[in-house]
Amino acid sequence: MVETVNSPPSWRGKGWLNYMTNRRQTTMIRLGQLPIGSDAPISIQSMCNTHTTDKVYTLKQINDLVEAGCEVIRLAVPDLESAQVIQFYRKEIQIPIVADIHFDYKLAIESIKHGADGIRINPGNIGSDEKVKKIIEVAKEYNTVIRIGVNSGSVAKHILDKHGVTAQALVESALEHIRLFEDNDFTNIKLSAKASSVPMTIDAYRLLAKVCNYPFHIGVTEAGTEFSGTIKSSIGIGTLLAEGIGDTIRVSLTDDPVKEIKVAKEILKALDIRKGLEIISCPTCGRTNIPLIELAHEVEKKLKPFENLDLKVAVMGCEVNGPGEAREADYGIAGGKNEGLLFQKGKVIQKVKADELVQALYDMIVRDVL
Ligand code: SF4
């Protein structure tokens, strides 16, 4: 391929190009101002783990999440007061708000009336089709998006009797709910079909992708604590995205939700779906003669202000693979004996003492990008 100024360098962008050409065709919905589905960018969402009625703490968490890169926020609505307080958040924040509803259709209706841009329901636990229809009527009036959120823990008994807890059961459950919405002329829908099992989640979305064209909210539910949850979410969400499936993502961690946003961003960057700072670093080995692990962490910390810039920075331990990787990146360092080489756009710039490498790398990047 002949590279032009506008084409991505050959080592970058392939995943993104594959993704764009393979992306599943869906309808497009608007959650507030945010488009989801079709060719809209994959959005990142999270859910507050505060009590929704605690305005101070919840607003602080939303602002922290927005600063980290959250684009849609979901709030739990377990009672009437939580539904009513959505009005307050709607005035205070810019990103779309989704109200998370279980069991009580009246809470869904109140959330919509108090400014929720979307609601998430599992129609299976709302009680009856008549109650779901009441939600649909109000959602139509307010142009509110409804996520039909099917979960392996709450599939209807008649479906479980037929399929057990399987991907097929999740799909059949989702299709049953979709029919109810479509029969009532409501298509402002996005779907999720989550299990805590990664293979089951992947299978369910793959199957659903074959039989409907609504946008998907994807994620692995109850994925676990930071370490295992990050791995499960990355495999589940990453596999689907690599196949072109998924329109908005939620990483679910038993931890501070800000960490969910960080993981989500890394998943999108790893697949070249989103641009951003990418730091490549080697695992170190017996050839390493500089304190590379510390240096890599230092580089990561120091370059944090540039995390939204489309930069690739290599931090390599030695001259074997180091210079090669460092040359392919926009910037890089490759270690030698108590010193290292500094690279810029494929060229060796200078030799620097090991303890001055990070600062020299930083100064070089600042000179170029600011
Ligand atoms: Fe070892 Fe060099 Fe490879 Fe790093 S780049 S793992 S130091 S051979």
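The values are calculated or read from the model by the stated rules, or taken from the named source; none is laboratory data. This structure is a prediction, so every number in the text was calculated from the model and none was measured. So basically every Cβ, Gly included, is an ideal-geometry build from the backbone, and we count neighbours across all protein chains shown. Areas reflect the complete protein model, heavy atoms only, side chains present, ligands, DNA and RNA absent. Shrake-Rupley method; radii C 1.70, N 1.55, O 1.52, S 1.80 Å.
Quick notes on this one:
- Helix 55-68 axis, angle to the chain major axis (alpha carbon atoms, nearest 10°): 50 degrees
- Accessible area (Å², 1.4 Å probe, nearest 10) - VAL138: 20 Å²
- Per residue, the accessible area of the chain comes to 47 Å² when a 1.4 Å probe rolls over the protein heavy atoms.
- Calculated FRET efficiency for the pair ASP39/LYS345, C-beta based, R₀ 30 Å, to 0.05: 0.45
- Fraction of beta bridges assigned by DSSP in the chain that are antiparallel (%, nearest 5): 30 percent
- To the nearest 10, the accessible area of HIS114 is 40 Å² with a 1.4 Å probe.
- Residue among ILE249, LEU107, LEU271 farthest towards the positive dipole end of the chain, charges placed on Cβ: LEU271
- The fraction of accessible area contributed by carbon and sulfur in the chain is 51 percent, rounded to a whole number (1.4 Å probe; ligands and nucleic acids excluded).
- The C-alpha atoms of the chain define a longest principal axis, and helix 167-183 lies at about 60 degrees to it.
- Among residues other than VAL145 with Cβ under 9 Å from its Cβ, the summed charge is +2 (Lys and Arg +1, Asp and Glu -1).
- Rounded is the label for the range 16-270, because the ratio a/c of its alpha-carbon gyration tensor axes (a ≥ b ≥ c) stays below 1.5.
- Note on exposure: TYR362, TYR205 ranked by accessible area (1.4 Å probe, complete protein assembly) read TYR362, TYR205, with the most exposed listed first.
- Modelled spin-label separation between HIS51 and ASP355, with each label point placed 7 Å from Cα along the Cα-to-Cβ direction: 5.3 nm.
- Annotation for THR27 and ASN125: the two label points, set 7 Å from Cα along the Cα-Cβ direction, are 2.5 nm apart.
- Share, in percent, of DSSP beta bridges within the range 224-370 that are antiparallel, nearest 5: 60 percent
- Solvent exposure, largest accessible area first (probe 1.4 Å, DNA, RNA and ligands not counted), of LEU65, LEU341: LEU341, LEU65
- Reachable lysines from LYS140, criterion Cα separation under 16 angstrom, eight or more residues apart if same chain: LYS106, LYS113, LYS131, LYS190
- Protection proxy ranking, peptides 293-299, 157-163, average beta carbon neighbours within 10 Å, highest first: 293-299, 157-163
- Sequence-distant lysines (8 or more away, or on other chains) whose Cα lies within less than 19 Å of LYS337: LYS351, LYS353
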